[in-house]
DNA sequence: CAAATATATATGTATATACATATATTGTAA
DNA sequence: TTACAATATATGTATATACATATATATTTG
């Protein structure tokens with residue numbers, strides 16, 4: 001459902017104005033879909049983001065600050081996300097020996113297992129953008145990168 | 001700051017996968033900027049969305065359900081947004097005489113005044129997409145509409 | 001060496017949505 | 001006419017970010 005169909009409005013001030021609304025709208029659609037996709041796994045898209053960053057670091061501990069830098073939304077509250085994941089035994093969190101202000105966060109085996117289960121299904125979810133060709137996806141990415149420079 | 005610069009990652013599985021992250025990222029950037037822009041006016045972007053819909057209806061009362069249909073995020077909780085705006089005296093909310101389940105929501109003079117103040121400044125905010133040409137904005141809109149079909 | 005400053009994280013409070021339930025009213029069917 | 005179903009909205013609880021403050025630790029400065 002396009003932006004116009006969704007909000008039942010056809011006239012926008014100009015293409016730039018429409019673009020801003022369209023980006024908020026399109027990003028929101030994907031996020032809502034992600035939330036629905038992750039629901040059976042009992043984690044949020046943001047928690048998934050954290051787990052993915054931790055898996056990428058393999059066994060190397062990650063600080064709360066580093067996590068936050070790597071989050072898709074850099075204003076995410078990494079502290080709270082980690083606390084929730086700890087409650088679910090998907091991560092561990094320990095004081096860093098070198099700097100006791102810092103925390104060492106690592107993914108657990110359960111966390112890795114969960115990501116494996118999700119990996120098996122996520123392609124189906126990611127299909128939602130495949131009505132655009134690869135060339136069109138590339139164009140969109142280039143324009144978004146230019147927009148965000 | 002592009003997606004890659006932001007999350008410090010250059011490799012994506014493919015252009016489609018990158019696109020999904022890029023859309024979430026780009027939409028989030030705009031929303032965060034909107035939140036900052038509206039902060040001095042003491043309303044949220046979602047409350048602004050409600051006021052704009054009400055202004056568009058002029059003096060015609062709007063039901064909670066109709067509001068919700070017109071919201072940019074159709075999963076918005078229109079009830080609560082209206083309640084907050086009522087507390088700020090920016091809208092009125094009365095029982096509909098024809099159907100007492102429904103509420104009639106209207107914008108107040110104070111609400112209209114606030115929108116006028118915002119209108120005077122919002123062009124500066126909307127400039128954030130003008131590093132794309134009109135043709136590029138149009139292309140992006142077309143691709144986003146195709147994506148969301 | 002101690003005080004001041006900076007850093008890292010946790011937590012408080014407010015708002016927004018996700019998902020669910022409750023309540024009141026209207027419409028429909030028997 | 002009444003019971004049932006549907007509709008409209010409000011509210012509860014959980015999670016996430018926005019913005020702020022608090023606490024502990026490390027670094028810097030005098």
(request) Mind telling me which of the residues A:64, A:107 ends up being more than 15 Å from DNA strand D (Cβ to nearest atom), farther than 30 Å from residue A:1 by Cβ and within 17 Å of the chain's Cα centre (by Cα)? (result) A:107
(request) Give A:88, A:109, A:97 a once-over and let me know the one that is closer than 26 Å to residue A:30 by Cβ and out of contact with any strand residue (DSSP E or B) (no Cβ under 8 Å at 6 or more places or on another chain). (result) A:88
(request) Residue by residue through the stretch B:110-120, note down the ones that are without any contact (Cβ under 8 Å) to a residue 12 or more places away in the chain and either within 14 Å of another protein chain (Cβ to nearest Cβ) or surrounded by 11 or more Cβ atoms within 10 Å (Cβ to Cβ) (or both). (result) B:113, B:119
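I need a count of the residues in the stretch A:1-26 that are more than 25 Å from the chain's Cα centre (by Cα) and within 7 Å of chain B (Cβ to nearest Cβ). So that I can check it myself, show each step before the final result.
Of the residues in the stretch A:1-26, the ones more than 25 Å from the chain's Cα centre (by Cα) are A:4-5, A:7-17.
Add one more test, that the residue is within 7 Å of chain B (Cβ to nearest Cβ), and what stays is A:7-8, A:15-17.
Residues that pass the stated criteria total 5.
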(message) Checking the structure you have, find out if any residue of the stretch B:115-130 is farther than 23 Å from residue A:9 by Cα and at pLDDT 95 or above.
(response) no
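Here's the yes/no breakdown for (1) touching a helix residue (DSSP H, G or I) at 6+ places or on another chain (Cβ under 9 Å); (2) buried (at least 21 other Cβ atoms within 10 Å of the Cβ):
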| site | (1), (2) |
| --- | --- |
| A:10 | yes, no |
| A:32 | no, no |
| A:43 | yes, yes |
| A:49 | yes, yes |
(message) If I ask for residues that are more than 12 Å from chain A (Cβ to nearest Cβ) and more than 11 Å from DNA strand C (Cβ to nearest atom), which ones from the stretch B:58-86 would you list?
(response) B:58, B:59, B:60, B:61, B:62, B:63, B:64, B:65, B:86
(message) If I go through the stretch B:59-72 residue by residue, how many of them are surrounded by fewer than 18 Cβ atoms within 10 Å (Cβ to Cβ) and over 11 Å from residue B:105 (Cα atoms)?
(response) 1
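Have a look at B:36, B:101, B:80, B:93 and point out the one that is within 9 Å of DNA strand D (Cβ to nearest atom), part of a loop (DSSP other than H, G, I, E, B) and surrounded by fewer than 18 Cβ atoms within 10 Å (Cβ to Cβ).
Of B:36, B:101, B:80, B:93, the one residue that is within 9 Å of DNA strand D (Cβ to nearest atom), part of a loop (DSSP other than H, G, I, E, B) and surrounded by fewer than 18 Cβ atoms within 10 Å (Cβ to Cβ) is B:101.
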(message) Condition check: within 27 Å of residue A:28 (Cα to Cα), within 14 Å of chain B (Cβ to nearest Cβ) and surrounded by fewer than 17 Cβ atoms within 10 Å (Cβ to Cβ). Does residue A:131 satisfy that?
(response) yes
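The values are calculated or read from the model by the stated rules, or taken from the named source; none is laboratory data. What you see is a predicted model; the values in this text were computed from it and never measured. As a convention, Cβ positions derive from the backbone with ideal geometry for all residues, glycine included, and neighbour counts pool all protein chains shown.
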